[in-house]
Amino acid sequence: MKLVIAIIRPAMLPDVKEVLFDEKVEGFSVTDVMGCGNQWGHTESEKNTTVESNLIRKIKIEFQVAGTRVRPVIDKIIGVCRSGRIGDGKIFVLNVPNSVAM
């Protein structure tokens with residue numbers, strides 16, 4: 001089994017959920033997170049003051065799938081999330097030696 005962790009733009013969550021439902025992923029977790037990557041944040045102007053924000057709001061989705069299904073699922077996630085701009089996100093794939101259903 002593999003654990004897939006996808007960090008995506010918040011606006012992409014409905015599309016990724018649809019992919020996971022279509023692929024019959026048997027459960028996933030969604031977390032609101034903040035972080036920075038290649039874009040190193042951005043600046044905002046507020047009341048004549050410039051504020052630098054180097055933590056950007058993102059969504060983290062975690063799910064477990066069989067190793068043979070990883071590539072098709074992440075290819076579909078990439079297909080709905082990739083715009084070609086910095087900040088589209090990242091996908092991590094980790095081995096899961098075992099898990100326990102409760």
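Contact map, segment 43-61: first residue more than 21 Å from ILE86 (Cα to Cα), second residue modelled with pLDDT under 75, Cβ cut-off under 7 Å, separation 6 or more or different chains; pairs are THR50/THR43. Filtered by the rule that a residue be out of contact with any Leu (no Cβ under 7 Å at 6 or more places or on another chain) and either modelled with pLDDT of 95 or more or under 19 Å from ASP32 (Cα atoms) (or both), segment 87-102 gives GLY87, ASP88, GLY89, LYS90, ILE91, PHE92, VAL93, ASN95.
Applying the criterion of being surrounded by 12 or more Cβ atoms within 10 Å (Cβ to Cβ) and either small (Gly, Ala, Ser) or over 13 Å from the mean Cα position of the chain (by Cα) (or both) to the residues of segment 1-35, the residue that is modelled with the lowest pLDDT is GLY35. Listed by first and then second residue, the pairs linking a residue in segment 81-102 that is within 20 Å of VAL65 (Cβ to Cβ) to a residue that is surrounded by fewer than 13 Cβ atoms within 10 Å (Cβ to Cβ) and charged (D, E, K, R), with Cβ atoms under 9 Å apart and 6 or more places separating them unless they lie on different chains, are GLY89/ARG82.
Restricting attention to segment 1-33, the residues that are within 21 Å of LEU55 (Cβ to Cβ) and touching a Phe, Trp or Tyr at 6+ places or on another chain (Cβ under 6 Å) add up to 1.
The values are calculated or read from the model by the stated rules, or taken from the named source; none is laboratory data. The model shown is predicted, which means the values in this text are computed figures rather than measured ones. No Cβ is skipped: glycine too gets one built from the backbone with ideal geometry, and neighbour counts run over all protein chains shown.
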